[in-house]
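Before any comments, here is the structure.
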Amino acid sequence: MNPEDRKYSREHEWALVEDAAAGTVLVGITHYAQDQLGDVVYVELPDTGAPVGHMAKMGEIESVKAVSDLFSPVSGEVTEINGRLAQEPELVNTDPFGDGWMLRVRMTDPAELEALLDAGSYTEYLGGL
Amino acid sequence: MAADTTAAENLRTALYDTHVALGARMVPFGGWDMPVQYEGVIAEVAAVRNAAGLFDVSHMGRLHIGGPNAAALLDILLTGSASGLRVGRARYCFICNERGGVIDDTIFYRLSEDEFLLIPNAGNRPAVSLWFDRQLAQHFDGRGVHITDRTMLTGLIAVQGPKAVEIVDRLCEDFTPGARRASNPGRTPAPSQLRPFTWGRGHIDGRRVFIGRTGYTGEDGFELAVGSTDVVAIWNKLTDAGAVPCGLGARDVLRLEAGLPLHGHELSDTITPIEAGFGRFVRRDGGYNGADVLDHQRVYGTERRLIGLTLPGRSAPRAGYDVLADGEVVGTVASGSYSPTLEQCIAMAFVDAAHAEPDTVLTVDIRGRRAEATTADPPFYQRPG
């Protein structure tokens with residue numbers, strides 16, 4: 001269920017390397033995270049050009065019942081935000097690993113990816129929750 | 001992201017396994033493990049507003065209060081009159097302490113001249129039971145009233161929404177209204193003939209059902225009390241008939257849209273019904289606990305008042321957030337949510353009386369962001385017709 005092509009944080013965000021040479025990743029939250037939240041109604045993301053820090057708060061996500069902080073799995077600069085989420089926040093529920101992506105980030109320290117979990121370890125981690 | 005946890009010592013309703021089999025997410029609430037959602041809060045709210053939703057509310061208490069002094073005791077304990085309530089009818093009101101604070105809000109049904117069924121909130125059931133026992137000892141020397149907690153022997157299901165009445169009508173057999181004189185002589189009695197805040201009895205699937213035309217969603221519908229061994233069968237009959245299982249998440253949104261209070265938020269033992277704007281459920285002839293305080297507040301007003309707030313957008317004010325006017329904190333949010341029915345955010349908040357007039361523009365501090373909010377009288381939603 002958790003795609004093999006990306007890395008995962010224990011806070012339930014994922015990072016997918018798009019272009020290793022340019023150091024760009026896509027960032028989003030996992031299926032487990034959206035399932036725990038329930039119907040997502042609002043996603044607050046940083047502006048394009050803003051810096052994000054490894055496991056530092058990058059935004060907030062609200063469901064009908066709860067609000068949670070979002071943490072960036074990597075350090076870097078935001079090069080694009082998923083503009084569709086402003087009008088269609090439910091994409092985070094329906095396609096968390098695809099159309100529900102949140103940020104495109106140019107990494108400043110790609111070694112941080114090594115600190116994240118691979119799909120197998122993340123799935124194992126979920127089993128212990 | 002933090003995971004929900006359920007505690008091993010929590011109580012479970014007779015429908016627990018049914019909820020799990022339906023894929024519900026279970027959360028602790030008021031000492032019980034309860035379903036917070038099945039398919040999703042937005043779909044469940046829509047089911048109740050447009051068709052029919054089904055709620056397990058067995059976590060709420062069932063206190064049977066009987067005996068020759070039952071009505072007289074309840075007249076002291078409740079802000080609504082028990083002795084003045086006719087058999088067959090039900091009433092919403094408050095259980096207040098001597099300071100006028102709300103120990104709990106409740107619906108109670110008059111079953112016969114000297115028998116009542118009272119529904120306290122799940123988390124307040126122990127406090128209400130203890131309070132009633134003490135008050136019985138104090139006022140009647142412990143005599144003439146038997147208080148029996150039937151919560152674990154029975155289940156309680158709410159069927160709510162524009163299609164709820166026809167679903168229950170179709171399934172219910174041998175219906176008899178609780179009032180001695182039926183309101184529609186000559187017609188075969190049916191649950192649909194019950195007026196709001198009345199009750200009757202019947203059978204669903206051959207099992208005895210107590211049927212109250214009451215609810216907590218702002219929609220028409222019923223609350224059904226049944227034996228705990230019959231709950232699952234009756235639940236399944238209702239879902240087969242098209243009622244959609246709904247969790248506490250949807251229930252909280254629905255009650256907030258309808259402007260109904262939740263104890264612990266809009267009401268508490270340090271908040272009076274007058275401050276919360278529910279004086280219409282407080283009788284004017286006194287004689288109940290807290291009457292002096294409430295009568296005084298009704299005449300002279302209160303320093304703070306419960307108001308409604310509406311906000312554009314989808315980032316919701318939530319309980320505990322500050323409400324400001326001209327940069328000064330003037331109140332606190334009691335409950336708030338995105339309203340899928342109204343497609344805006346709504347909240348109820350306690351504010352200084354000077355800022356409580358409708359159409360006042362205030363701001364809410366949403367985790368450091370200042371959001372403009374306009375005061376409004378609840379309910380935010382009223383059903384058509």
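The values are calculated or read from the model by the stated rules, or taken from the named source; none is laboratory data. All values reported here derive from a predicted model rather than from experimental measurement. Every residue, glycine among them, receives a Cβ derived from its backbone with ideal geometry; neighbour counts consider all protein chains shown.
The table that follows gives values for the structure above.
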| quantity | calculated |
| --- | --- |
| Hits in the stretch A:32-41 (condition: crowded, with 19+ Cβ neighbours inside 10 Å and of a type outside the set (A, V, I, L, M, F, W, C)) | A:Tyr32, A:Gln34, A:Gln36, A:Gly38, A:Asp39 |
| Hits in the stretch B:198-217 - residues which are of a type in the set (D, E, K, R) and part of a strand (DSSP E or B) | B:Arg201, B:Arg207, B:Arg208 |
| Qualifying positions in the stretch B:247-304 - in a helix (DSSP H, G or I), touching a Phe, Trp or Tyr at 6+ places or on another chain (Cβ under 9 Å), away from chain A (no Cβ under 14 Å) and closer than 30 Å to B:Ile157 by Cβ | B:Phe281 |
| Matching residues in the stretch B:32-62 - criterion: being buried (at least 24 other Cβ atoms within 10 Å of the Cβ), within 20 Å of A:Asp35 (Cβ to Cβ), away from chain A (no Cβ under 11 Å) and of a type in the set (D, E, K, R) | none |
| All positions within the stretch B:142-183 that are modelled with pLDDT under 95 and of a type in the set (S, T, N, Q) | B:Ser183 |
| Qualifying positions in the stretch B:176-197 - surrounded by fewer than 21 Cβ atoms within 10 Å (Cβ to Cβ) and in contact with a Lys or Arg (Cβ under 8 Å, 6 or more places away or on another chain) | B:Thr176, B:Ala179, B:Ser183, B:Gln193, B:Arg195, B:Pro196, B:Phe197 |
| Strands (runs of 3 or more DSSP E) lying entirely in the stretch A:19-129 (those with 2 or more residues that are more than 14 Å from chain B (Cβ to nearest Cβ) and in contact (Cβ under 8 Å) with a residue 60 or more places away in the chain) | A:24-29, A:103-107 |
| Hey, B:Arg110 under 27 Å from B:Phe175 (Cα atoms) and assigned to a strand (DSSP E or B) or not | yes |
| Breaking point among (1) under 22 Å from B:Thr106 (Cβ atoms); (2) crowded, with 23+ Cβ neighbours inside 10 Å, for B:Trp235 | (1) |
| From the options B:Arg369, B:Arg314, residue that is within 14 Å of chain A (Cβ to nearest Cβ), in contact (Cβ under 8 Å) with a residue 24 or more places away in the chain, of a type in the set (Lys, Arg) and closer than 24 Å to B:Ala250 by Cα | B:Arg314 |
